[in-house]
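The values are calculated or read from the model by the stated rules, or taken from the named source; none is laboratory data. Bear in mind the structure is a predicted one, so any value in this text is a computation, not a measurement. Methodologically, a virtual Cβ is constructed for each residue, glycine included, from the backbone with ideal geometry; neighbour enumeration extends over all protein chains shown.
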Amino acid sequence: MTPQDLTLLLAVFVPFLAVPGIALLRRRPNPREAVSLGASVATFALASVLLPGAFAGSPATVELFTVAPGLSLSLRADLLGLLFATVASFLWILTTVYSLGYMRALREHAQARYYLCFASVMGATMGVALSASLFSLLIFYEVLTISTYPLVIHEETEEAYRAGRKYLAYTLGGGGAILAGLAIAYGLGGDTGFVAGGNPALAALPLPALQAVAFLLIAGFGVKATLVPLHGWLPSAMVAPTPVSGLLHAVAVVKAGVFGILRTLFFFLGPGLVIASGAQPVLLVVAAITILAASLFALVQDNFKLRLAYSTVSQLSYVVLGAALLTPAALLGASYHIAAHGFAKLTMFFVAGAVAVETGKTRVSEFDGIGRRMPGTMAAFAVAAVALAGLPPLAPFVSKGFLASGAWEANQAILVLVLLTSSVLNMMYFFPIVTRAFLAGGPVDVREARRTLKAPVLLTAAGVILLGVGIGLPSGPFAVAEGVVGGVYGVVPYGDVYASWSAERLVEVLFVVAAAAVVLAVLTREARMPRERIGKNLERLYVVAPLGLLSASRGLARVFAAVYDGFLAAVTGAGRAARRLQTGDLNWNSVGLALALVAVFLWLLLEVV
Amino acid sequence: MPLAWNALPALPLLLLGGGAIATFLAGRVSRTRGGDASAATACLFLGLAFVSFLLLGDPGGNPATYAPVGEATLRADGLGVFLGLVATGLGAVVAAYSFVYMRGHPGRPTYAALLLLLVAGLAGIGLAGDLFNLYAFFELMALSSYALVAFHRTPEAVEAGMKYLVMSAAGSLVALVGIGLAYLAGGTLDLGALAGTAMPREIALLSAGLLIAGFGVKAAIVPMHTWLPDAHAAAPSGISAMLSGIVIQGGLLAMVRALAVFGVGSTAAFSYGLLLAFLAVLTMTVGNLIAMHQRDIKRMLAYSSIAQMGYILLGFGIGFEFGIAIAFAGAVFHILNHALMKGGAFLAAGMLQQRFGTRDLTALRGAGRRMPAAGLSFAVFALGLAGVPPTAGFLSKLFLATGAVQAGGALGVFLVVALIANSILSLAYYVPAMTGLLAGDGPKERTRTSWGLTVPVVVLVGLVFLFGMWPDLALRVVDPAVRVLLGGG
């Protein structure tokens, strides 16, 4: 085993090694958190060290065990994996610092369990990122599912338990779908390894099997990637402590689902087979619907974290959309959006947590004036909000730009329209928070967030800016994303996002900037109005502009709920009916034997004839 | 000494049979310490039997054969050794668990002796080289399990035992007729010789049907499963672990052994594998659907056993129909994993039942928090049964699904979807049971748990993870069994 391979092994297992450490130190908070912090720093360092090898085209590879030929638990540090791994582990460092402030300020119970599960989740995330085969990925993916559960139910309220059950049922169900896809691919193709551009072993699959594999894998990963209508668990899971919602439900867990889709499309099936399977149009439509529907759902949420959750649902589908377009530029945008959205959304969750800790406010309608008391925190939020709206020169601007180019490349102009609409919707649900916080009158008994909360907030916001303006950084995230595209397609589109602007690109940017100016102007006027009129006017703004859309979104939500309820009722009803067949009466029991005999003979007689 | 070496296949049976007598006698030694003495003796002999099966090891193409009387032979081939190892291994764990669990019960020597006889029956099913031995040991296993189900002599247990006895005896009778027909047609009872004999097609068909239905009662194949939930819920928890963990699988393996004489895959005289596969789909669906609405933790586990038998039967069915190695491997591996997981789950449920005095899942809410060893172990077993990695249950389910795919075409996709849809359906009861037990909104003070109960359960948890992450160890026992099933010896 070369030093590089050992580094890879440690990058995945250092977080797991921290688990017993945290368990041993469970009664001594300071050393315990030091272990968490040390593990996060070490993991990030180890992942970064692997980058040069991956750039050089000789990624570290480790094989842990082989169950059967083509079915082995193996790791490989390629660029796509390292992109996810470095982003997740870097944000883990900041989240650990933030958790320190958050958990202690709220005097949360069971902190040892919290840090322990967090470390385990991060280990599983690293495993998902650095898996070299679908088999390995599924194993880490399920470990991720299970270790997240105690974090979801952390508050131990009835609501938390309900959310936990929902979370497990959704995600384990998704895992089952992946298992089915894996079994079909392995049973007929004989291999589960990831190969850039698609595993050649799968080319032998007959079309129906190929379709089954593609749709099962997409549906399975789609649960964690919160593709509508599989997104239901994420908003419920917001009962978890805010750092969990931040890192896990905006970066690690949900991105594992998105990452799984990327791996499936580009490293397992490969673009050619995806097109052959007919999954591409379906995935494009589902992603577009998710982007828009989730934005609409976000628009009507007053609970800050729920609004962020629906925004996450929407943003994750940017990545899915980019993947499904199957063009180099779109893949570049999709990969980079993992990092861009990660930093921006984590900033927002950090702000949500900081505000909740310092003021106890969790509703957007209560945010009036807090920006003037917490300027640093809310300024960071403003940066993230501007970023997610797709305004230059921040990180999501870059990724969305490439997504739009990819849509043009694939002759899907309508998807460009979807992206632009979503940008406007983003402004409509994020900007009011900023204008209210800074412009509206509000409470005076509020203080700026404490240092352990504020520092991570500012750092992630700085990251959003840096990822936007610093795309030329050698070996930076953008270079890694370019490397991913190079690995799959052999060509890298547009070396520099600012260098060659097409006419369409210019129009898009101008449109987004103009829309932002309009939305901001309206909101500013609203926010400056006397307090008693604000509610009405804001409502008017929302009612007049997207009235039809809003009622449509509510109707859509009702349809989903009805479908779920119907399905559940059918299954439980079948269970009850089956149970009624079960009798305690011995006479009837023997009828079972007689029935079986008859059935068996009928079958065998048919065989003879 | 060649003679003694030849007799090696008889060694485990001698140890178990002799152990049963020794166990019973040990209980008579002292009025006060008799129970402990008999329990310790049972552990010792089960451990020795386990070691003797390890000694038999992988026999390769030439299994040790021993014919003490006439045509009745004992043959230690891969499948036999596999069944023997699982039965004696789980039996030893259960005996160790029962040491504390049954403490204070006046009937402990009888209990321990019956447990040994049960394991002897199972080991004999594995070692039987001919249909006569197979049937005799099957009956030995069945008889001791009737007594064990009704061991507590409560009305519930007696009723369950009675029902079990009637159903199982009826099944045995049907199977016996099937065996008789095979003997009639083939002219020999030896399994190896029968496999090479061409039989009249009609008689072979009749015989196969009777064997499937007859042994199917014991294997709890729907619609012959009705006795199982009562029996498995009413039995002492250690015995529930044995019944669900290996006894019904023993019944299935007896069926598999007997059916194998009609040929495997393309060499089969007629198609019976597909029938098994469809019965399997029915079995798993009905088992899962009924388990969903159970409020009694042991009844829920019992129904889940029916569903899991469906998974195992699916593997055998596909294996027999198409001669697919990985389907057999999945079925055999799943028997091993299911023994660990379901056995463990019943033992954990037994700990909870004994401490909190109830099997009702609502009343047990939060009980796993107060008894973390039982609660967390139960969670691991439940996840394993649901097929979540990195537990061993995941690998065997993956094998089964892969095997189902290789059945080919629309049939393969149907079987995979049925398997996975069922495994997702099973989450509807595993997840609430697990999360309910571990919910923290009840009383919080921990309760003391005896090491004698915890250690056996934790050992099983360890094995579930071990076989999930280093399957080589388990596959070393599974692969020879698969070779036997494929007819390679």
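Here A:Val300, A:Val319 are screened, and the one residue that is touching a helix residue (DSSP H, G or I) at 6+ places or on another chain (Cβ under 6 Å) and in contact (Cβ under 8 Å) with a residue 40 or more places away in the chain is A:Val319. Of all the residues in the range B:449-489, those that are over 24 Å from B:Leu56 (Cα atoms) and touching a strand residue (DSSP E or B) at 6+ places or on another chain (Cβ under 9 Å) number 1. So, B:Ser30, is that one among the hydroxyl-bearing types (Ser, Thr, Tyr), at negative phi and at pLDDT 90 or above or not? Criteria not met by B:Ser30. Could you say whether any residue in the range A:328-349 is touching a residue at least 12 places away in the same chain (Cβ under 8 Å), of a type in the set (A, V, I, L, M) and either in contact with a strand residue (DSSP E or B) (Cβ under 6 Å, 6 or more places away or on another chain) or surrounded by fewer than 24 Cβ atoms within 10 Å (Cβ to Cβ) (or both)? So far as the range A:328-349 goes, no, none of its residues is touching a residue at least 12 places away in the same chain (Cβ under 8 Å), of a type in the set (A, V, I, L, M) and either in contact with a strand residue (DSSP E or B) (Cβ under 6 Å, 6 or more places away or on another chain) or surrounded by fewer than 24 Cβ atoms within 10 Å (Cβ to Cβ) (or both). Within the set A:Ala160, A:Ala119, A:Ala112, the sole residue that is surrounded by 24 or more Cβ atoms within 10 Å (Cβ to Cβ) and on the phi < 0 side of the Ramachandran plot turns out to be A:Ala119. Scanning the range B:419-459 for residues that are crowded, with 23+ Cβ neighbours inside 10 Å and more than 14 Å from every other protein chain (Cβ to nearest Cβ) returns B:Leu453, B:Pro456, B:Val457.
Within the range B:235-290, which residues are outside any helix (DSSP H, G or I) and more than 14 Å from chain A (Cβ to nearest Cβ)? Walk me through it before giving the result.
As a first pass, look at the range B:235-290 and keep what is outside any helix (DSSP H, G or I): B:235-236, B:263-264, B:268-272.
The answer is B:Ala235, B:Pro236, B:Val264.
So, B:Met371, is that one modelled with pLDDT of 95 or more and in contact with a Ser or Thr (Cβ under 8 Å, 6 or more places away or on another chain) or not? For B:Met371, the condition - modelled with pLDDT of 95 or more and in contact with a Ser or Thr (Cβ under 8 Å, 6 or more places away or on another chain) - is not met.
Answer yes or no as to whether A:Gly535 is modelled with pLDDT under 80 and either outside any loop (DSSP other than H, G, I, E, B) or closer than 30 Å to B:Tyr164 by Cα (or both).
When the stated conditions are applied, A:Gly535 passes them.
Across the range B:401-418, the qualifying residues are those that are more than 8 Å from chain A (Cβ to nearest Cβ) and under 26 Å from the mean Cα position of the chain (by Cα), and the one among them that is nearest to B:Leu314 (Cα to Cα) is B:Leu415.
Here B:Met224 meets the list (1) crowded, with 22+ Cβ neighbours inside 10 Å; (2) at pLDDT below 90; (3) more than 10 Å from every other protein chain (Cβ to nearest Cβ) almost entirely, failing just condition (3).
Condition first: hydroxyl-bearing (Ser, Thr, Tyr) and in a loop (DSSP other than H, G, I, E, B). Can you find one or more residues in the range A:49-65 that meet it?
Taking the range A:49-65 as the starting set, the residues that turn out to be hydroxyl-bearing (Ser, Thr, Tyr) are A:58, A:61.
In the following step, the residues that additionally are in a loop (DSSP other than H, G, I, E, B) were identified as A:58.
Checked against the condition, which is being hydroxyl-bearing (Ser, Thr, Tyr) and in a loop (DSSP other than H, G, I, E, B), the range A:49-65 yields at least one hit.
Scanning the range A:328-339 for residues that are closer than 17 Å to A:Ala196 by Cα, out of contact with any Pro (no Cβ under 8 Å at 6 or more places or on another chain) and of a type outside the set (A, V, I, L, M, F, W, C) gives a single hit, A:Ser335.
Of all residues in the range A:365-424, how many are of a type in the set (S, T, N, Q) and within 23 Å of A:Leu453 (Cα to Cα)? Explain how you work it out, then say what you get.
Step one: of the range A:365-424, the residues of a type in the set (S, T, N, Q) are A:365, A:377, A:399, A:405, A:411-412, A:421-423.
Still in the list and also within 23 Å of A:Leu453 (Cα to Cα): A:365, A:377.
Counting residues in the range A:365-424 that are of a type in the set (S, T, N, Q) and within 23 Å of A:Leu453 (Cα to Cα) gives 2.
Tell me, please, whether a residue that is more than 19 Å from the chain's Cα centre (by Cα) and closer than 22 Å to B:Gly412 by Cα can be found in the range B:255-264. Among the residues of the range B:255-264, at least one is more than 19 Å from the chain's Cα centre (by Cα) and closer than 22 Å to B:Gly412 by Cα, which makes the answer yes.
Of all the helices (runs of 4 or more DSSP H) wholly in the range A:196-304, which have at least 3 residues that are surrounded by 24 or more Cβ atoms within 10 Å (Cβ to Cβ)? Can you show your working first?
Values: elements: A:207-224, A:233-236, A:253-262, A:270-277, A:279-299.
In the range A:196-304, the matching helices (runs of 4 or more DSSP H) lie at A:207-224, A:253-262, A:279-299.
Selection of the range B:164-204 for residues being modelled with pLDDT under 90 and either within 14 Å of chain A (Cβ to nearest Cβ) or in a loop (DSSP other than H, G, I, E, B) (or both) yields B:Gly187, B:Thr188, B:Leu189, B:Gly196, B:Thr197, B:Ala198, B:Met199, B:Pro200, B:Arg201, B:Glu202, B:Ile203, B:Ala204.
Surrounded by fewer than 22 Cβ atoms within 10 Å (Cβ to Cβ), of a type in the set (Lys, Arg) and in a loop (DSSP other than H, G, I, E, B): is that true of B:Arg483 in this structure? Criteria not met by B:Arg483.
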